[in-house]
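Q: Right, I'll just put the structure down here and ask away after.
The values are calculated or read from the model by the stated rules, or taken from the named source; none is laboratory data. None of these values were measured; they are calculated from a predicted model. Ideal geometry is used to build each Cβ from the backbone, glycine not excepted, and the neighbour counts take in all protein chains shown. Side chains are part of the model used for accessible areas, which takes the heavy atoms of the whole protein and leaves out ligands, DNA and RNA. Shrake-Rupley method; radii C 1.70, N 1.55, O 1.52, S 1.80 Å.
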Amino acid sequence: MGDGFDCDYIVIGSGAGGGTVAARLAEAGKHVILLEAGDDPMASGGRRFPCDYQIPAFHPFASENPAMAWNYWVEHYPDPDQAKRDWKRRRKGVLYPRAGTLGGCTAHNAMIFMLPQDSDWDGIAAATGDDSWKPDAMARFQHRVENCRHRKLWRWLARLGLDPTGHGWKGWLSVEVAMPLQAMEDRRMRRLLETAAAAAIRAIPRSLGERWRAIKAALDPNDRRMNGREGLCFAPVATHQGCRVGTRDRVEEAKKAGLEVRLNALASRLVFADDGGVCGVDYLEGRKLYRAAPGAQGEGARRRLLARREVILAGGAFNSPQLLMLSGIGPSEELAKHDIPCRADLPLVGRNLQDRYEVCVLSKLRQPWASMKGALFSPDDPIGKAWSASPRGGMYISNGAALAMKRKSDPGLRDADLFVMALLGCFNGYYPGYSRGLRRNHDVLSWAILKARTANRAGTVRLRGADPRDPPLIQFDYFSAGAGPDDIKAVAEAVRMVREIAGPLKERGLIEGELCPGPDVTGAELEQWIRDNAWGHHASCTCPMGRGPQDSVLDGRLRVHGVPRLRVVDASIFPRIPGYFIVSAIYMAAEKAAAMILEDADAEAVAAPARMEEAA
């Protein structure tokens, strides 16, 4: 560009936040350069990658595919003795899979699209003093994202203005419900699901009115009539005709509108103008430079980009605070440890780290799933060929979630805080090679328990050093003092609920019994098992919104306090972790961010002539 700038906006990171905001700005006619530290194996990789990306059932293999894996090693506890009690822990810590690829973690996640509760948005509005984050205002951004394809009758009625569901019907992200026909043809699987569903319904105390609302909502957790309520439900997924969709696909479409994408571009530091605001970014160009990537090596070629308007940071809960601190924005005492000059002393950068607590109860089946006969989790096995057929079929169109339930751990809670889903496979947390359990075990049912709205806010992301290629030090500080007992008791209550559902399954000869933690593990022993085994995969909240620099990093418009022309748009922005699965909240926040950025650009364009007149 003739004025010395390379573009209007630079977006760093192509995940749920960055890919969404970059695409929307480009479609609005802005010149946007999107930087992604990883590659796009769909375009340049071998045959294995497209299968892991596209086939929903292969998402565990996608997370361990070296073409896009970023493997972080985190600590759950500062006490080394407690940390060692987790069997998943290795010498470097506990594996926390992330993705370094076009599309970020939307390229390997389980695709579950569940909207946050209204109380999540109300909490942000209260924390920021900005009512534009309230639920009714956020609904329009949901509609820009969601293309609901699983409520066909209401989709048709919505054209006539009849729609109590609150769904979005014309968004860019296709949302489906994957219930393979083979699951219903498998007699034992059908009996198991029917029995488990009946037990789950009986386990939820409800009034007649609540039962009627659940029937009207048709087990749909995203129906606004069920927002925050307890109930049996399915888990909607971001797929189109049985194939994964995410921000990679969104970015590819936005290229037609002029979006410029630079791959293998690891942001190293922000560039500042004389007024103290951000005007660009320095980055390293090269493949697998970040040391979380398997086989990472090399120095990379140094590059610089300058943005006329803003830089939008979307590296996620680990990398956004890391880049801020590398650039001199963060806790002054943390920066001083690494001889980084402090440009903005923001104490909460890298603090307030939050996650779900998750555990799995494993049930041993009497017999392996008949519908999984011949399953090698290969595109060439019989089920893989069914997936490749037109229309797509077979068990691989599903992410494995067969049945789900929202529950309250305490009747006095406003919203259901527990999410329990039955997974058709063996899953017990993240460790190197964890995905192999799916290939080996076709006779295990995993009851995944997620605890939402955890009390713990004590986690931290700190710099390992001043080298941008080094992953940060990540300490979650699980069940920290003053924040842990209620969470542990809530998860223990969920285990009790699972056992209540599993009882009839054993009586009918569908399962042999409980493999893990074991039926005799109860009381204090169960709470210790939870402490020893819990994990998470929704890291968030390390650059939270708020009212001022002492209690937050961002204002309600996602601008970094005291640093002009810099915003953050990713999982790190939330004061408290939203919903059960955070990707939908990130998508919605990114759409809101794009709208705010465009509003600010329009306001500046109107104000510029006035300033010129004043100067004259």
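Q: Give the peptides 335-341, 196-202, 31-37 in descending order of average Cβ contacts within 10 Å, highest first.
A: 31-37, 196-202, 335-341
Q: Filter the cross-link list 88/489; 92/337; 288/385 down to pairs whose alpha-carbon distance in this structure exceeds 31 Å.
A: Among 88/489; 92/337; 288/385, the Cα-Cα distance tops 31 Å for 288/385.
Q: So, one more: Computed over the Cα atoms, what is the radius of gyration of segment 417-476 divided by 2.2 N^0.38 Å, N being its residue count? Before the final figure, lay out each step's value.
A: On the way: Rg = 16.9 Å, N = 60, 2.2 N^0.38 = 10.4 Å.
Working it through for segment 417-476, the quotient is 1.62.
Q: To continue, here is another question. Mind checking the alpha-carbon convex hull of segment 239-388 and giving the volume per residue in Å³? Spell out each step's value before the answer.
A: Details: hull volume 32.4 nm³, N = 150.
Once divided by residue count, the hull of segment 239-388 is 216 Å³.
Q: Leaving out same-chain residues fewer than 8 places away, which aspartates and glutamates sit with a Cα under 13 Å from that of residue 506?
A: Filter leaves 514.
Q: A further question follows. Could you give the length gained on full extension between residue 481 and residue 342, defined as 0.36 nm per residue of separation minus the Cα-Cα distance, in nm? All intermediate terms of the calculation are to be shown ahead of the outcome.
A: Working: separation 139, 0.36 × 139 = 50.04 nm, distance 3.10 nm.
Here the segment from residue 481 to residue 342 would lengthen by 46.9 nm.
Q: Still on this structure, I have one more. If I fit a long axis through the Cα atoms of helix 523-533 and take the longest principal axis of the Cα atoms of the chain, what angle between them do I get, 0 to 90°, rounded to 10?
A: Rounded to the nearest ten degrees, it is 50.
Q: Continuing with this model, one more query. Treating segment 353-415 as a set of equal point scatterers at the Cα positions, no solvent, please give the Debye-formula log₁₀ I(q)/I(0) at q = 0.29 Å⁻¹.
A: Log10 of I(q)/I(0), two decimals: -1.29.
Q: Right, something else. Could you tell me what % of all Cα pairs in segment 79-141 have separations over 14 Å?
A: Working: 1415 of 1953 pairs.
Cα-Cα pairs of segment 79-141 separated by over 14 Å account for 72 percent.
Q: In debye, nearest 20: dipole of the chain around its Cα centre with unit charges on the Cβ of K, R (+) and D, E (-)?
A: Details: 84 positive and 75 negative charges, 421 e Å.
The calculation lands at about 2020 debye.
Q: Whole Å is fine, so just give me how far the alpha carbon centre of segment 453-478 lies from that of segment 546-586.
A: 17 Å
Q: Oh, and also: How much accessible surface area, in Å² rounded to 10, belongs to the heavy atoms of residue 306 with a 1.4 Å probe?
A: My reading of the accessible area for residue 306 is about 50 Å².
Q: Moving to a separate point now. How would you rank 271-284, 560-573, highest first, on the average number of other Cβ atoms within 10 Å across their residues?
A: The most tightly packed comes first, giving 560-573, 271-284.
Q: Can I ask one more? Report the per residue volume, in Å³, of the convex hull enclosing the C-alpha atoms of the chain.
A: Details: hull volume 97.8 nm³, N = 616.
Convex hull volume per residue, Cα atoms: 159 Å³.
Q: Explain nothing, just the number: dipole magnitude of segment 382-523 about its Cα centre with +1 on each Lys and Arg Cβ and -1 on each Asp and Glu Cβ, in debye rounded to the nearest 20. Before the final figure, lay out each step's value.
A: On the way: 20 positive and 15 negative charges, 104 e Å.
Computed about the Cα centre, the dipole is about 500 debye.
Q: I would also like to ask the following. Given a 1.4 Å probe and heavy atoms of the protein chains only, how would you sort 320, 390, largest accessible area at the top? Each step should come with its number before you reach the end.
A: Values: 320 0, 390 115 Å².
Per-residue accessible area, sorted high to low, gives 390, 320.
Q: Find the relative contact order for the chain and round it to a whole percent, using C-alpha pairs within less than 8 Å whose residues are 6+ positions apart.
A: Over the chain, the number comes to 21 percent.
Q: Taking H placed 1.01 Å from N in the peptide plane, check which residues at least 5 places from residue 272 or on another chain put their amide H under 5 Å from its amide H.
A: 279
Q: Packing-wise, with mean Cβ within 10 Å as the measure, how do 116-126, 235-245, 587-597 rank, highest first? Intermediate values should be presented prior to the final figure.
A: Values: 116-126: 20.2, 235-245: 22.2, 587-597: 24.8.
In descending order of packing, they fall as 587-597, 235-245, 116-126.
Q: Rounded to the nearest 20 Debye, what is the dipole magnitude of segment 300-343 about its Cα centre when Lys and Arg each give +1 and Asp and Glu each give -1 at the C-beta?
A: Numbers: 7 positive and 4 negative charges, 80 e Å.
Approximately 380 debye in magnitude.
Q: Identify, among 9, 586, 397, the residue whose Cα sits farthest towards the positive end of the charge dipole of the chain, taking +1 on the Cβ of Lys and Arg and -1 on the Cβ of Asp and Glu, with the dipole about the Cα centre.
A: Checking the options against the dipole of the chain, the answer is 397.
Q: Enumerate the lysines that residue 592 could reach by cross-link, defined here as Cα to Cα under 23 Å, with residues fewer than 8 away along the same chain left out.
A: Candidates past the 8-residue exclusion: 30, 134, 170, 255, 256.
Q: Roughly what angle does helix 583-615 make with the longest principal axis of the chain, taking Cα atoms, 0 to 90 degrees, to the nearest 10?
A: Approximately 20 degrees, to the nearest 10.
Q: If you take all C-alpha pairs in segment 287-361, what percent of them are over 17 Å apart?
A: Details: 1755 of 2775 pairs.
When every Cα pair of segment 287-361 is considered, 63 percent fall beyond 17 Å.
Q: While we're here: To the nearest 10 square angstrom, what accessible area does residue 255 show with a 1.4 Å probe?
A: Roughly 90 Å² of residue 255 is accessible to a 1.4 Å probe.
Q: Please determine, in degrees from 0 to 90 and to the nearest 10, the orientation of helix 485-507 with respect to the longest principal axis defined by the Cα atoms of the chain, where the helix direction is its Cα long axis.
A: 40 degrees
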